[in-house]
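The values are calculated or read from the model by the stated rules, or taken from the named source; none is laboratory data. Predicted, not measured: the structure shown is a model, and the values here were computed from it. Backbone-built Cβ (ideal geometry, glycine too); neighbour counts: all protein chains shown. We work out accessible area using only protein heavy atoms, side chains counted, and drop any ligands, DNA or RNA first. Shrake-Rupley method; radii C 1.70, N 1.55, O 1.52, S 1.80 Å.
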Amino acid sequence: MHLNTRDTVLKKMLDAQENVRDYESFSKRLDESNDSYAVEVKNMFKEFAEESGFQAQKLKEVLEKYDSR
């Protein structure tokens, strides 16, 4: 399947949004009481969620430009 530029941006935006949800969900499921690395991983996943959110926002802005023309 060949995607045009707009469809590629849309796909990657949806992927980034899904990553946000996944990282947030994973960070909430970690059991800090039985795992000494859980706090570090939890913080890392929160950071990844934020970075993915920034990516999703930038992609959304580009998509809106495509859709407004």
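So here's what we get for this one:
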item: Subset of the stretch 12-34 (residues that are at pLDDT 95 or above and of a type in the set (Ser, Thr, Tyr)); result: 23, 25
item: Residue selected from the stretch 1-13 under the condition surrounded by fewer than 13 Cβ atoms within 10 Å (Cβ to Cβ) and in a helix (DSSP H, G or I), by the criterion nearest to the chain's Cα centre (by Cα); result: 11
item: Hits in the stretch 24-55 (condition: farther than 28 Å from residue 65 by Cα and open to solvent by less than 60 Å² (accessible area, probe 1.4 Å)); result: 25, 27, 30, 38, 41, 42, 45
item: Selection status of residue 65, exposed (fewer than 12 other Cβ atoms within 10 Å of the Cβ) and either part of a helix (DSSP H, G or I) or touching an Asp or Glu at 6+ places or on another chain (Cβ under 9 Å) (or both); result: yes
item: Exclusive hit being in contact with a Leu (Cβ under 7 Å, 6 or more places away or on another chain) and free of Cβ contacts under 8 Å to residues at least 60 places away in the same chain, set 60, 11, 28, 46; result: 11
